[in-house]
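Peer 1: First the structure, which I've put down as structure tokens, then a few questions once you've had a look.
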Number of protein chains: 2
Amino acid sequence: MSNSTELVLPSNVIICEVAPRDGFQAVKDWIPTEDKIAIVKKLAQMGVQSLEITSFVHPKAIPQLKDASEVVEACQDLTDIKLRALVPNVKGAERAIDAGIKKLKLMLSATDSHSISNANCVTEEAQNGFLPIVELAEKRGVQVGGSISVAFGCPYEGKVPQERLDQIVKRYMEMGVAEISLADSTGAGNPKQVYEVLGYLRNRFPNMLFTMHLHNTRGLAIANAVAALQQGITNFDSAIAGLGGCPYLPGATGNVATEDLVNTFHEMGIETGMNLDTVIGVAKKVKEMIGHKGASYMLQAGPCSTLHAKPKSQKKVEK
Amino acid sequence: MSNSTELVLPSNVIICEVAPRDGFQAVKDWIPTEDKIAIVKKLAQMGVQSLEITSFVHPKAIPQLKDASEVVEACQDLTDIKLRALVPNVKGAERAIDAGIKKLKLMLSATDSHSISNANCVTEEAQNGFLPIVELAEKRGVQVGGSISVAFGCPYEGKVPQERLDQIVKRYMEMGVAEISLADSTGAGNPKQVYEVLGYLRNRFPNMLFTMHLHNTRGLAIANAVAALQQGITNFDSAIAGLGGCPYLPGATGNVATEDLVNTFHEMGIETGMNLDTVIGVAKKVKEMIGHKGASYMLQAGPCSTLHAKPKSQKKVEK
């Protein structure tokens, strides 16, 4: 039997930059509002089509994001980019829409244990709480996307059964949510699982748009992204300089770095609409500005398309 | 059209631990011979079936490995493991066989520029130089495996054309070499390329055993390993604690860490014959012993199969 010699992948992907939400919330030292705004504007220059700009949580829960409204208001000139914000409840959704947000993101956990830690209620209760947010969004004419944290594995419960994800996606669909970000919040997923879960979900819910939100805790984020590509997934979340790490998750490390994901896609001939050198430049700048220990392979080694000068002993081949 | 819901992968793999060669040669400070021997014996306890124990290069070229014969002689009791050693020439091969090595490994570079840097001659000359080694091996009754460095990309020349690899593999085959390790020495390969190159080579040379030797320079090593698995590859090189980095390669970082590869395989239900906790324990010990900055995801985050205790606020779900 002859081996297949082509790996069929999508030709284009859309990356959503999530550092201003998932990255900043993990930074302990206060990032001044004007720095946050400056960073968002730098990120916008990378050519991203979508950006998760902040979270309208209660200021006491995540003080770092208490200036959410100011940041959003100051970024209303970024008309080429879809700005989305996380909202945990109706009050947060109202604040977000008032500030100018056109796309809300809902977040719940795949397991009850994680849901209790994160939202103080089990998954089903959390999801029921989304109904008034979805109604508000409809009334005010803004979009809503859903998400599922620890979708591929929970630090308390382990692997998440497919039926559990099925149930949650079905409920989102019934509410009219047509887009769900599947978050591998602690890097518990593996490529076989990602491939198979996505195959299952896409067969069950052919009209749902699934996005992959990957963390690199066990070094599997890029392999998982490739498995998702093989299932035709074209939407990915990532954070510049690998920022991030959920405050409620033991052992969580950064999101997959935007520059590493862009490098991977470009190396495989997949277009992102972004320029890798620009992205690496922004990563360096952001790292400097917030002094975060975040890191990426691109920041360390650089792209492999950068050729090195041949050593002087190379005269033989120069002839 | 329904999405495929199974990623078909091999059920077993064989890992060759290469830290005592590829790892040690990158360590500047002298590792005492008794420490080298102690580390090899620790590595043997992990359940590896194959181990690249040293390199019989000229002591002036890599002083760290000048005790190759002593190390090999002291490890002759490891009869359950296939010990292989790198040999650059007939003299090295003789020393290796005299010390008790039963499997020699040949190494050349896919590109002329890299070959000049590494072996002071172009690829074809280097390969012609292997003939007397292969003849010696046959006479003395030991096995020979080949390898191709920078097989997926060269820091001086960039991507390596398939025809070039074809030529080198063909020549190895004509010499009677039946096993070739394809080394992505600077992490220049990507999963699409790895999948397609392996598909091509396996169709062209169905009787050749191909091994993947991956470095994680751009964070793609594990994704590349998965692409190789998808082509039915079952032999992988890796180094404990991610040690390694070729002294002749600009920007090269460590080999993919054995513990990260074992975790990946086990998570996908692929057997390695090794116990992950034991492997992580050995990685910690080796890192301590040689004070190397080498690192891995498993050393930092641990396996995701280790569940965390639920926070005390979890009473709701406990009921």
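The values are calculated or read from the model by the stated rules, or taken from the named source; none is laboratory data. Every value quoted in this text rests on a predicted model; they were computed, and no experiment measured them. Because the Cβ atoms are built from the backbone with ideal geometry, glycine has one as well, and the counts that use them run over all protein chains shown. For accessibility, only protein heavy atoms count, side chains too; no ligands or nucleic acids. Shrake-Rupley method; radii C 1.70, N 1.55, O 1.52, S 1.80 Å.
Peer 1: Along Cα→Cβ, 7 Å out, is where each label goes; now give me the distance between the ones at residue B:14 and residue A:308 in nm to one decimal.
Peer 2: 3.2
Peer 1: Something else: Sticking with the crude label model, points 7 Å out along Cα→Cβ, report the distance from residue A:77 to residue B:102 in nm, one decimal please.
Peer 2: 7.3
Peer 1: On a full-extension model of 0.36 nm per residue, what is the gain between residue A:94 and residue A:285, subtracting their alpha-carbon distance, rounded to one decimal in nm?
Peer 2: Full extension from residue A:94 to residue A:285 adds 65.5 nm.
Peer 1: Let me ask something else about it. Shortest first and in nm with one decimal, please list how far the residue B:91 label point sits from its counterparts in the other copies (point 7 Å along Cα→Cβ).
Peer 2: Spelled out, the distances from residue B:91's label point are 8.0 nm.
Peer 1: Given the pairs A:192/B:36; B:41/B:105; B:91/B:284; A:159/A:287, which are separated by over 28 angstrom at their Cα positions?
Peer 2: Numbers: A:192/B:36 37 Å; B:41/B:105 21 Å; B:91/B:284 36 Å; A:159/A:287 33 Å.
Check vs 28 Å cut-off fails for A:192/B:36; B:91/B:284; A:159/A:287.
Peer 1: Report the calculated FRET efficiency for residue A:4 and residue A:139 (r = Cβ-Cβ distance, R0 = 51 Å), to the nearest 0.05.
Peer 2: Approximately 0.50, to the nearest 0.05.
Peer 1: Shifting gears a bit: Give the carbon-plus-sulfur fraction of the accessible surface of segment A:14-318 in %, rounded to a whole number; probe 1.4 Å, heavy atoms of protein chains only.
Peer 2: Values: 5520 of 11270 Å².
The value for segment A:14-318 is 49 percent carbon and sulfur by accessible area.
Peer 1: Sticking with this structure for a sec: Note the distances from residue B:161 to each other copy's matching label point, with points 7 Å along the Cα-to-beta-carbon direction, in nm, sorted shortest first.
Peer 2: Once sorted, the set of distances for residue B:161 reads 5.7 nm.
Peer 1: How are the alpha carbon pair distances in segment A:14-318 distributed across 10 Å bins from zero to the largest one, expressed in percent?
Peer 2: 6, 29, 37, 21, 4, 2, 1, 0
Peer 1: On average, how much accessible surface per residue is there in segment B:1-154, in Å², for a 1.4 Å probe, leaving out ligands, DNA and RNA? Show your work: numbers first, answer last.
Peer 2: On the way: 6330 Å² over 154 residues.
Here the per-residue accessible area is 41 Å².
Peer 1: At residue B:141, label 7 Å along Cα→Cβ: distances to the other copies, nm, ascending?
Peer 2: 8.8
Peer 1: Hey, how many Å between the Cα centroid of segment A:106-159 and the Cα centroid of segment A:38-90?
Peer 2: The distance from the Cα centre of segment A:106-159 to that of segment A:38-90 comes to 20 Å.
Peer 1: Something else: Chains B and A: what accessible area do they bury, summed, in square angstrom to the nearest 100, with a 1.4 Å probe?
Peer 2: Chain pair B/A: roughly 5300 Å² of buried accessible area.
Peer 1: Tally the DSSP beta bridges in chain B and give the antiparallel ones as a percent, rounded to 5.
Peer 2: Expressed as a percentage, antiparallel bridges in chain B total about 5.
Peer 1: Using a 10 Å cut-off on Cβ to Cβ distances, tally the other chain neighbours for every residue of A:192-201 and report the average as a whole number.
Peer 2: Rounded to a whole number, the mean comes out at 4.
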